[in-house]
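Derivation of every value follows stated rules applied to the coordinates shown; laboratory data play no part. Remember, it's a predicted structure, so these values are computed and weren't measured experimentally. Every residue, glycine among them, receives a Cβ derived from its backbone with ideal geometry; neighbour counts consider all protein chains shown.
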Protein chains: 2
Amino acid sequence: MKVRRSERLIDMTQHLLAHPRTLISLSFFANRYESAKSSISEDLMIIKKTFENRGIGTLETLPGAAGGVRYLSKMSRENADAFVGELCTRIADKERLLPGGYLFLSDILGEPETLHTIGKIFASKFVNTKIDIIMTVATKGIPIAQAVASELNVPFVIVRRDNKVTEGSTVSINYVSGSSSRIEKMALSKRSLPVGSNVLVVDDFMKAGGTVNGMKSLLEEFDAKLAGIGVLVEDENVGEKLVDDYVSIVRVQNVDIRQQSIEVEKGNVFND
Amino acid sequence: MKVRRSERLIDMTQHLLAHPRTLISLSFFANRYESAKSSISEDLMIIKKTFENRGIGTLETLPGAAGGVRYLSKMSRENADAFVGELCTRIADKERLLPGGYLFLSDILGEPETLHTIGKIFASKFVNTKIDIIMTVATKGIPIAQAVASELNVPFVIVRRDNKVTEGSTVSINYVSGSSSRIEKMALSKRSLPVGSNVLVVDDFMKAGGTVNGMKSLLEEFDAKLAGIGVLVEDENVGEKLVDDYVSIVRVQNVDIRQQSIEVEKGNVFND
């Protein structure tokens, strides 16, 4: 039965949103709704315009027999800016201060809507980068990795500091924790990263960058390529960073445990 | 500027999908599109019908001044059944067999679309249950927790077996691991669970249920209430389970490491 435009628009919107970066042929939609391709094309024009007007993302159309349409999650600068501003205020709360200059972030890392927005900001930043897989380290990097993976519609893999039977055989490396200069170990399941993968490394918090550096070394072991680095919070209190060319959403500086104060500003994701 | 119906339908669809279980007033939409509430009501009827026809979910309308509309994520039985059937086939792959009768599941737990569907199945099952928060244990329970939390639009908290500075002060308990009868420890950040919360406990894999049982004990320490238990895979190879009244999506039995064979069937989520 032929489907009306209103129903098509609703179902196409949900289908596109559920499959970011996936190329969907016009025939797929034409069959799904028993509608002419010309009607589907018109629908897509309306959806594209609305997504762009509302700061949701955009649609990219590829012509030809192998062509189709794909949804790219892209947050408007304005929406991203407002969100990060609020996030800075929340993170600057002195109640978050923990021994060693760490910050309590677990509440933020457990909020689905917040994570969704964080994922969208990273996805917007890396929209033109070839990324096959997201990598993070357990535990608190996981929510970030899952959020970004969801917006880019690629898998994510979890590097672990322990060695669990449930990972099967692993490749492990030793790395120097940047802030404490201790030797630590991290491991990744052997079957989790295909050779030649383009990998986006993400984490929740970066001090000197020792952990991120460890993940970079691990990539070499797998003959995988670093496609980018994204951290939710970077800490400016440490001296020199061990990595450069990372994207941060929030930057923390002048953490003063005695005075119980933190200064928080927007990260470098907005520098361009 | 007044917004046309086609644009309203697209934007309302994405807004509703992005905020499951959140009550949204008709005035919110009326203001957003500078449209009459009667038009918004008509839009919502069309969206509700489409969501139901397509097995996406439903809309619930609450009348009155404090009323509005909320989207409930609800997968059709048919779609869920097809998905779980495929998942069973994937999990029955003997390449997944690990020492001790464990199964390699990390690939599945890193696929955004798979996780999204798992989240939707649990959300459908617990659609009429009062749930304030999702709880899981690190590491591999996290993707499940985040997926379910996202569909129910509630926060999730992560119980840990180690004790990291970034959690602040914690409450910890000892529990008996059901399968190996060892005493283990788990801890949860003190500030993560408000008194009286209704908590849905989820995990990726359940053998005897010792870990889930540990989380139940932890709930008591926080004066929180168990609202339900959901596991992706339950293992039938163990003798008696330490917990009952759980929901499982997949059930594994007769794991035979020598013969390199596993039997996998649909879990109890479909018994009703």
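List of remarks:
- If you run the Gaussian network model on chain B, springs between alpha carbon atoms under 10 Å, then out of B:PRO143, B:PRO20, B:PRO194 the most flexible one is B:PRO194.
- The stretch A:218-270 versus the stretch A:122-158: alpha-carbon centroid distance in Å: 16
- Other-copy label distances relative to B:ASN53, 7 angstrom Cα-Cβ extension, nm: 2.3
- Under 5 Å between amide hydrogens, built in the peptide plane, is the criterion, and for B:GLY68 it picks out B:LEU62 among residues at least 5 positions away or on other chains.
- Taking every alpha-carbon pair within the stretch A:25-142, the share separated by more than 16 Å comes to 72 percent.
- With a 10 Å cut-off around each Cβ of B:39-52, the average count of Cβ atoms from other chains is 2.
- Over 26 Å between alpha carbons, listed pairs B:LYS74/B:LYS140; B:LYS120/B:LYS225; A:LYS125/A:LYS225; A:LYS120/B:LYS164; A:LYS74/A:LYS207; A:LYS94/B:LYS164: A:LYS120/B:LYS164; A:LYS74/A:LYS207
- Between A:ASP223 and A:ASN174, the contour length at 0.36 nm per residue exceeds the alpha carbon distance by 15.9 nm.
- Each label point was placed 7 Å from the Cα along the Cα-to-Cβ direction; for B:THR89 and B:GLU34 their separation is 5.3 nm.
- Computed over the stretch B:210-272, the percent of Cα pairs more than 15 Å apart is 59.
- Placing a label point 7 Å from the Cα of A:ARG54 along the Cα-to-Cβ direction, the residues of the stretch B:30-73 whose backbone N falls under 12 Å of that point are B:32-33.
- Residue-by-residue Karplus 3J(HN,Hα) for the stretch A:103-115, coefficients 6.51, -1.76, 1.60, Hz, glycine and proline x: 10, 6, 10, 4, 5, 4, 6, x, 9, x, 5, 5, 4
- Here the Karplus relation 6.51 cos²θ - 1.76 cosθ + 1.60, evaluated at θ = phi - 60°, turns the backbone of the stretch B:211-219 into coupling constants of 5, 4, 4, x, 5, 4, 5, 5, 4 Hz, with x for every Gly and Pro.
- Rounded to 5, the percent of DSSP beta bridges in chain B classed as antiparallel: 50
- The helix-based estimate of mean residue ellipticity at 222 nm for chain B, built from -39,500 (n - 2.57) per DSSP H run of four or more residues and divided by its residue count, is -10500 deg cm²/dmol to the nearest 500.
- The alpha carbons of the protein assembly as shown stretch over 60, 56, 52 Å along the principal axes, in descending order.
- Volume per residue that the Cα convex hull of the stretch B:5-73 spans, once the total is divided by residue count, Å³: 75
- Note on A:133-142: average number of Cβ atoms from other chains within 10 Å of each residue's Cβ is 4.
- Label-point distances for A:ALA30 to the equivalent site in the other copies, using a point 7 angstrom along Cα→C-beta, read 4.3 nm when ranked shortest first.
- Copy-to-copy label separations for A:VAL3, where each label sits 7 Å from Cα toward Cβ, in nm and ascending: 2.2
- For A:THR170, the residues whose modelled amide H falls within less than 5 Å of its own, excluding neighbours fewer than 5 places apart on the same chain, are A:LYS190.
- Amide proton proximity set for B:GLY267, modelled H, under 5 Å, gap of 5+: B:VAL250, B:ARG251
- For the stretch B:149-271, the Stokes-Einstein estimate of translational diffusion at 20 °C and a viscosity of 1.002 mPa s comes to 137 µm²/s, using the Kirkwood hydrodynamic radius over alpha-carbon pairs.
- Each principal axis of the Cα atoms in chain A has its own extent, and those three values, largest first, are 67, 44, 31 angstrom.
- Among the trypsin sites (Lys or Arg not before Pro) in the stretch B:147-192, those located in a DSSP loop and surrounded by at most 11 other Cβ atoms within 10 Å of their own Cβ are B:ARG182.
- Mean Cα-pair separation over length for chain A, i.e. relative contact order, pairs under 8 Å, 6 or more apart, %: 14
- Under Karplus coefficients 6.51, -1.76 and 1.60, residue-wise ³J(HN,Hα) of the stretch B:52-59 in Hz, glycine/proline x: 6, 4, 8, x, 8, x, 8, 10
- Dimensions (Å) - the stretch B:75-220, Cα atoms, principal axes, largest first: 43, 38, 25
- At R0 = 25 Å, FRET efficiency that the Cβ-Cβ distance of B:PHE270 and B:ASP107 yields, to 0.05: 0.55
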